[in-house]
Structure formats: structure tokens, C-alpha cells
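Comments concern the structure below.
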Amino acid sequence: MTKFRLFNLIALAVLIIAPFWSRADAGVSVLSEDNSDITVYDSWEYGDYRVEAVSDFVPDPSSAWDLLLVLQFGLFPSSFDLQTNDDRAVYAQINSDDTLDVNELNLEELTQTALVNDANVLDNGVAVKDFGSAKAYVDGNFVYAVVDGALYAYHEYNNTFQSMYRENHTFSEDVLDAEDGRVLVKATFPTGEEQLWFYTYVANGPQEVADVPGSWTIAGEDILDGHFTDEGDIEFFSYFARNVSSRVNKTSTNPWQTQSYKQYVSWYRDASESTNLVQSMNNNTAWVDQTDHLYISNGTDVRFVASLGRNGTFLLQNDVLLWSDGYTGGIADMTGHVITKLNFAPTDANDNFVVGETANGKIVMQDLNSDEQTTLGSGAQPIVVGNDVIYWAGTDRLYRAVLYLPLALGVQIGEPIKLASSKSVFMLTDETLSYLPNESTYYTWYDSFDEVRTITPDEFDSYAQSVDDVGIKPGTLLTIDSGKKVYMVGVDGELHWIVNEETVEALYGSDWNKEIYNYRLIQLVDYDYGNELLLGDDEWEDAIEMAIQ
């Protein structure tokens, strides 16, 4: 299991409000939803975004996530063990009365929710006392805990964690994956051997308990990773080799059979940093082999992605795979297809942009639709929170960039083209031509007509033509007949009146009035009027979500 990212429109709506909430003079505390204090010590405006210094210290190790968890939740890395399963992150807390709490962190909205409070831990009906360690895992409505190396499942009806393995424990367990009531654990025996075990959970206890054939290792060998695939199989790496265990259609004491493949993770890399060898996410696995080649698998198909070199790194996220050779990098989809190559090392991404760091320590954001790059500052390990906030660790403190609406939307911009024999200009997007109806609309998308490329009639005829004209670019601010009301063109194609200056500044920054287009009413006959936007209004989040999705 590994770090995750999840694009969430509600998170975007909440975080678009956040720039206004966090507008503070140096040293003024901004109260977040979970009653943690994040202090803005200094801020700098840069047109489309604002940079803020939000801490006055850097803990060791200086990771942006570590800093953010300390500031937002008061959670120091040494005091808790955060476990992620696909798009959810949870941790367990041991109480003084030998009960267990489980909390979930929403790393998009930076909020915390209690899943379990004051639950007793029962081993074959006997309360466990004086336990020293606990990790929590979540799968839908199922909550699990590994307490002192033993796996327990939560029973809500009597608020207890009950042991999954009913016999005497001779091994310690570590959860590798949990999906649809199924749990895959790595069992480690006292003499060093390891083996995968498979549980199916129901309310009154495990329905199935079985070892995974072919997963036994001798002491000194290691099971590096294991997860469930889309087909219900189990894919894992044991002693460097890739294996897939499948359920066979015949009666057997153990209906699983395992196939080992001549596909390996690198034995040259440091196995103690296993995430630099193999990662699993959403039924997919990515790994680096002994020649430093990066591969991805869905359990059935294996695809080559890139050559990383000895110092290369990678990060498997919900729907993309990021990689770097230490200086440059790229993004691939779950089939291994390279979406784009980058001139920096990527560290995080969402649907609209990717962030990373250059060889000389600059923090860079690249729009995935336009490929436009923005340098945000200096530091390391930038991360994306929601759809418009980027955090990174500086040498002296934690910084964040708050993107204003036009930059955060990430609207796809096609190429302007025309025929030599005509003045008509079209936007070419995904092999489709759309007509740009007038000059005023053109300038909401492009800076000048120098960007227009003239093509041959044969090339023009090779593209499909859209029945719809290109509209005004979403995010554009405009007035009607030089009136005082300012409207935003939403992604929904509607005009949204921004009620006051406070609201427009929260969305566009202090320079919001430097680029406002004026239209005659007759030019806007095809546009409907959407919900008005007013900061703090009860329906503010719903109105923003409707306008941007």
C-alpha cells in the first residue's frame, strides 16, 4: 500500500474557499475545520497564485506530508502509523484503559473522522491488556487492526475487535491488502520464514482462512508486496520473483494455485526501502527490475513503462504512474502508456496538473492540458492537496501555493489553425476542429493571432468537425454592456454573477480586475445565467461546484 491521491469536486469547492479563509497578516492564526491552527507567517502574490509560509520549523525528516500532518492534526511521524488502502488513510490510537480508537484522515480536505471509539480487543473472547502496538486498516465498512502482530476485525454491534485467527498464534501478521471483506496478510514466523494468508470476513468470524500456495519463504528471503487484482487473483513478489495465485474451479482443501513468472524486482536496490522496489494501488502493481526498468501490471498484462537508472524513483497513484530518473521524468496511465514526459522529477499529480522538483531545487507545476509550466519556489517534495493547493518543504519552513481559479481549472486549450484561403480560425483539440466565432472569444483563449498555424486543405479535411462553436473560455471574467456586475463563465457554460469584491478576490486574487472582458448583450444570447456566487452563502459550495464541473 502506498500514498494515494483522489480528485474530488467537493474538495475543490472547499479548497477554493480556503484562499479567502487563510488571508491573514503574518502571525495571524487561521482556524481549520478540525480546530487545528495553521499560522500564515508571510505571503506573496504572483498573479494567478499566492505563496504562503505556514510554519516556522522543519522537523527531521523534512517531508511536506510530515509537516502538514503536524500542523493540521498535531500528529508527529514518530507517534502514529498511518496506513492507506486505495483512497483512504487511517491510524489507530491506544488508550490508557487498553481500548482502541481508529481515526480516518481525509488528505484532500484535511479533516479527521472517528471510525471507532474505545473498542475492546478480544482474543478468543478474552480481553487483551497491555498491548504495545496497533495499526488500523479500512475496507469499505470493514475496519481491521493489527495489535501486537495479530489481526482483529471490528464488530460494531458490541464495539469490539475480535481475533481473525482462532488458533494459537505462532506468527505475526501484517496486512498487505483488504478488499470487499477479503484480507491478505503477510505472516512472519519466529524463525524468519514468511507466508501469505488469506481471510474472508463475515460478522461472526472468518468464513475462509487459507495460506496462499507458493508463497512460503525460507528465513532470509522476503515477500515484498501482495495485493488483490481485478480478477480476484493474488499478485505478489516473493524472493524477488513475481507470482500470481488464482482460485481454481475444483474441490480442494486449498482451491488456490500459484504461477511463478520470470519477472523480478531489483536485488540491487535497498530492500529496506521496499516502496522504491514495488508499489500496489487499485488492483495494479508497479516495480523496478534488476536492470532498473519500470513495469506495471494489472495481474494479467505486464507493460514496460520507462528506464529509470539506479537512482530513479516512482509513485503509483490512483490512476497514473509517476516516475523520474533523478533529473527528468514522466507520467503513464494504468496500461503503461506514456501520457507525457517531463523535464523535472514529478512527485505528485491530480487530474489537471503535475508538480515536482528540478535538479537545482525549484518547485515546478505543469498544466497537463496546456503543458504550461509555473515555478512556485524552492524546496523539495511538493504535494497536491485538493485541486488548488500545493505544499512543499523549504529549507526553513513549510510553504504552500494557493492557485486561483483560472489556473486551478486546468481547461484544455487546443491549437488555433486556419486555411490560407480563409480568415476563419478553428481550435484543434483531440483531432476535432471547433470554430472560433469571433475575435473577442479568440482572445479569451489566446494572447495573439501569431499563435495561429496555417494548414493545408488535406490536413484540414483529415480532422472531424464539431457541430458546436468554441465558447468563451471557462473562468473568464466579463461585464455586459459596460455594466457594474462582474460575471464568471463557468465550465457549465453559464454566466455566474459574482456578488461582491470579497468573493471575486477569494477566487481570483487581488489582481482580479486586470483582465475583465466587456461583451454586448446580443453576443451572449446563447448563454444562460447560473447560480450567483457569494462567499459565505449557505449554498456557496454547491454553486461553485456546479460552475466548475
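The values are calculated or read from the model by the stated rules, or taken from the named source; none is laboratory data. If you're wondering where the values come from, they're calculated on a predicted model, not measured in any experiment. For neighbour counting, all protein chains shown are included, and Cβ atoms are generated from backbone atoms with ideal geometry for every residue, glycine included.
For the subset of the range 324-341 comprising residues that are under 15 Å from the mean Cα position of the chain (by Cα) and not small (Gly, Ala, Ser), which member is nearest to GLN381 (Cα to Cα)? I'd like the intermediate steps shown before the answer.
Restricting attention to the range 324-341, the residues satisfying the condition of being under 15 Å from the mean Cα position of the chain (by Cα) are 331-334.
Next, from what is left, pick out any that are not small (Gly, Ala, Ser): 331, 333-334.
On the way: ILE331: 17, ASP333: 22, MET334: 23 Å.
Of everything passing the filter in the range 324-341, ILE331 is nearest to GLN381 (Cα to Cα).
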All positions within the range 175-193 that are at pLDDT 90 or above and either part of a loop (DSSP other than H, G, I, E, B) or under 18 Å from ILE94 (Cβ atoms) (or both): VAL175, PHE189, PRO190, THR191, GLY192, GLU193
First in the range 351-375 and over 23 Å from GLU45 (Cβ atoms), second anywhere and among the acidic types (Asp, Glu), Cβ under 9 Å, 6 or more apart: ASP351/ASP319; VAL354/ASP348; VAL354/ASP367; GLY356/ASP348; LEU368/ASP351
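With the condition kept exactly as written, say whether any residue in the range 304-312 is buried (at least 20 other Cβ atoms within 10 Å of the Cβ) and touching a residue at least 40 places away in the same chain (Cβ under 8 Å).
Going through the range 304-312, the residues buried (at least 20 other Cβ atoms within 10 Å of the Cβ) turn out to be 305-306, 308, 312.
After this cut, where a residue has to be touching a residue at least 40 places away in the same chain (Cβ under 8 Å) as well, the list is none.
Taking every residue of the range 304-312 in turn, none turns out to be buried (at least 20 other Cβ atoms within 10 Å of the Cβ) and touching a residue at least 40 places away in the same chain (Cβ under 8 Å).
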Output for the range 132-167, where each listed residue is closer than 22 Å to LEU105 by Cα and among the acidic types (Asp, Glu): ASP139, GLU156
Residue pairs meeting the criteria (Cβ under 8 Å; at least 6 apart or on separate chains; first over 16 Å from GLN112 (Cα atoms), in the range 58-75; second of a type in the set (Ser, Thr, Tyr) and at pLDDT 70 or above): VAL58/THR395; ALA64/TYR391; LEU67/SER55; LEU67/TYR391
Number of positions in the range 365-388 that are surrounded by fewer than 21 Cβ atoms within 10 Å (Cβ to Cβ) and outside any strand (DSSP E or B): 5
Matching entry among ASP97, ASP130, ASP101, ASP118 (being farther than 25 Å from ASP177 by Cβ, assigned to a strand (DSSP E or B) and charged (D, E, K, R)): ASP118
Within the range 158-170, considering residues that are free of Cβ contacts under 8 Å to residues at least 24 places away in the same chain and not β-branched (Val, Ile, Thr), the one surrounded by the most Cβ atoms within 10 Å (Cβ to Cβ): HIS169
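Residue-wise test of (1) within 28 Å of the chain's Cα centre (by Cα); (2) farther than 24 Å from PHE228 by Cα.
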| position | (1), (2) |
| --- | --- |
| ASP86 | yes, no |
| GLN93 | yes, yes |
| LYS135 | yes, no |
| PHE142 | yes, no |
| ALA150 | no, no |
| SER163 | no, no |
| SER172 | no, no |
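Kindly indicate the residue of the range 291-309 that is of a type in the set (Ser, Thr, Tyr) and not in a loop (DSSP other than H, G, I, E, B) and also farthest from THR229 (Cα to Cα) among those meeting that condition. Before you say what the answer is, go through the steps one by one.
Here is the first cut: in the range 291-309, the residues of a type in the set (Ser, Thr, Tyr) are 291, 295, 297, 300, 307.
Retained after the next criterion (residues that are not in a loop (DSSP other than H, G, I, E, B)): 295, 297, 307.
Working: TYR295: 16, SER297: 9, SER307: 25 Å.
Ranking the candidates gives SER307 first.
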Filter result (in a strand (DSSP E or B) and within 25 Å of VAL504 (Cβ to Cβ)) within the range 427-480: LEU477, LEU478, THR479, ILE480
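Can you name the residue in the range 107-132 that is polar (S, T, N, Q) and at pLDDT below 85 and, of all such residues, is nearest to ASP174 (Cα to Cα)? Step through it out loud before you land on a result.
Quick first cut of the range 107-132, residues polar (S, T, N, Q) only: 111-113, 117, 120, 124.
In the following step, the residues that additionally are at pLDDT below 85 were identified as 111, 124.
Values: THR111: 27, ASN124: 19 Å.
For the range 107-132, the residue satisfying everything is ASN124.
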Single condition VAL402 does not satisfy, out of (1) under 29 Å from ARG269 (Cα atoms); (2) touching a Lys or Arg at 6+ places or on another chain (Cβ under 6 Å): (1)
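Kindly provide the set of residues from the range 56-89 that are of a type in the set (A, V, I, L, M) and either modelled with pLDDT under 75 or closer than 21 Å to VAL138 by Cα (or both), ordered by number.
Narrowing the range 56-89 to residues of a type in the set (A, V, I, L, M): 58, 64, 67-71, 75, 82, 89.
Residues satisfying the conditions are VAL58, ALA64, LEU67, LEU69, VAL70, LEU71, LEU75, LEU82, ALA89.
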Options GLU515, GLU505; residue that is closer than 18 Å to GLY47 by Cβ, of a type in the set (D, E, K, R) and more than 28 Å from the chain's Cα centre (by Cα): GLU515
Within the range 314-364, considering residues that are assigned to a loop (DSSP other than H, G, I, E, B) and of a type in the set (A, V, I, L, M, F, W, C), the one farthest from VAL265 (Cα to Cα): ALA359
Yes/no for SER215 being modelled with pLDDT of 85 or more, hydroxyl-bearing (Ser, Thr, Tyr) and part of a strand (DSSP E or B): no
